[in-house]
């Protein structure tokens, strides 16, 4: 008896130490303390929920997909292995729950909502719009560190609110998130079920199957997949029809799928050296809430930067080479000559001077002695340098608009 107790204590200690190590490593990676920028995507990429959902939605394997699939194989063999050994969020929830040692919520009475979330999301991924991929706990963990990016602002804090809410839930109802709500944990349960189904088929091949036996999840799985596919199609149309349209980072996938594939991890926001990537607070519709959009008020998208695509774990922002980035247009500059200084006989032309792509031309009419500005659409990438530099106030004479509305 004593030997079993010691063995159980040893296993708990090993699990605690391993999860604590993952927590420390996750914090280091999220804060980009190490010199390699791409490391920020490693922790979210470990999630089979994100890996499978994004791969199905994008119809392609990402650079990080093998990490999630490797964890998927491990949890098939060892159910909930990731939760017990490597999940930093699970460790934090467990420690928060210790603050209420006498709380004994009956979580067994709560339906497995996490499994419904997984099935709805995977069904949506089939039609290109994984509905609730952003509920992954590792994405929430990464997003938390966006809130502490200096200077502090409402947008960053909004992205980082997910993890504190999960921890608050863990304080009020210990074990509820991990056992009934977490989509990453539910994904592991469903993957482990595949192995049990395989064993059942092996037994039924040797023995006559019992009448009336069926997979208990079959009916609700079909229902959830059907509802998920329909809801995803509706959400994709809603996202595509939202107005005004946002300007996304270079390499972003089609707008009809972007809000579904983006997991709101905040990696692109933290990676941007010019801080022009900001989370959307609903200005472009609720479907894209907290997804990244570009703002050129104080800076522009550097022609030699591809960082946002390098740190995206879900494929919402594709990895671009420098040549691809410089040939990718995110928008088109448009000029309001009535607001321009040139129309007021004030010498200017700063927009043409700062454009890194030489897409702005100033034409002088010798007959009228008036100058006009023209944007060469074939050269303009919508980088925002002209909008940033425009000195007209309060309304800027030149602004970048999405390609389909420019």
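What follows draws every value from the coordinates through simple rules; no lab data is involved. All values derive from a computational prediction rather than experimental measurement. Here the Cβ positions follow ideal geometry from the backbone for every residue, glycine too, while neighbour counts run over all protein chains shown.
Kindly state, to the nearest 0.05, the FRET efficiency for residue 109 paired with residue 302, given R0 = 51 Å and r defined as their beta-carbon distance. For residue 109 and residue 302, the calculated efficiency is 0.40. Calculated mean residue ellipticity, 222 nm, the chain: -14000 deg cm²/dmol, from DSSP H runs (n ≥ 4) at -39500 (n - 2.57) each, averaged per residue and rounded to 500. Region 11-41 and region 371-386 have Cα centres separated by 44 Å.
Rg and Dmax, both from the Cα atoms of region 330-406 and both in Å, are 11.9, 37. Working from Cα pairs under 8 Å separated by at least six residues, relative contact order for region 330-406 is 46 percent. For region 233-352, the spherically averaged projection of the C-alpha convex hull amounts to 8.4 nm².
The peptide list 40-50, 54-64, 24-34, put in order of mean Cβ contacts within 10 Å with the highest first, becomes 40-50, 54-64, 24-34.
When 135, 294, 73 are arranged by Cβ crowding within 10 Å, least crowded first, meaning fewest neighbours, the order is 73, 135, 294. Out of these labelled values of Cα extents along the principal axes in Å, (1) 99, 45, 35; (2) 71, 52, 39; (3) 65, 43, 37, which was calculated from the coordinates shown here? Identified label for the calculated read-out: (1).
Using r as the Cβ-Cβ distance of residue 148 and residue 171, and R0 as 22 Å, what FRET efficiency do you calculate, to the nearest 0.05? The formula returns an efficiency of 0.60 here. Each 5 Å bin from zero holds the following percent of Cα-Cα pairs in region 52-195: 2, 10, 16, 20, 21, 16, 10, 4, 1, 0. Sorting 156-167, 376-387 by their mean Cβ neighbour count within 10 Å, with the most densely packed peptide first, gives 376-387, 156-167. Between residue 25 and residue 10, residue separation times 0.36 nm minus the direct Cα-Cα distance comes to 3.1 nm. Listed from fewest to most Cβ neighbours within 10 Å, the set 36, 81, 177 follows the order 36, 81, 177. For the pair region 149-183 / region 279-300, the C-alpha centres are spaced 21 Å from each other.
Measure nothing fancy, just the Cα-based angle from helix 65-77's long axis to the longest principal axis of the chain, in degrees from 0 to 90, nearest 10. The helix 65-77 is inclined about 10 degrees to the chain. Going by neighbour counts of Cβ atoms within 10 Å, the residues 401, 300, 129, 369 line up, fewest first, as 369, 401, 300, 129.
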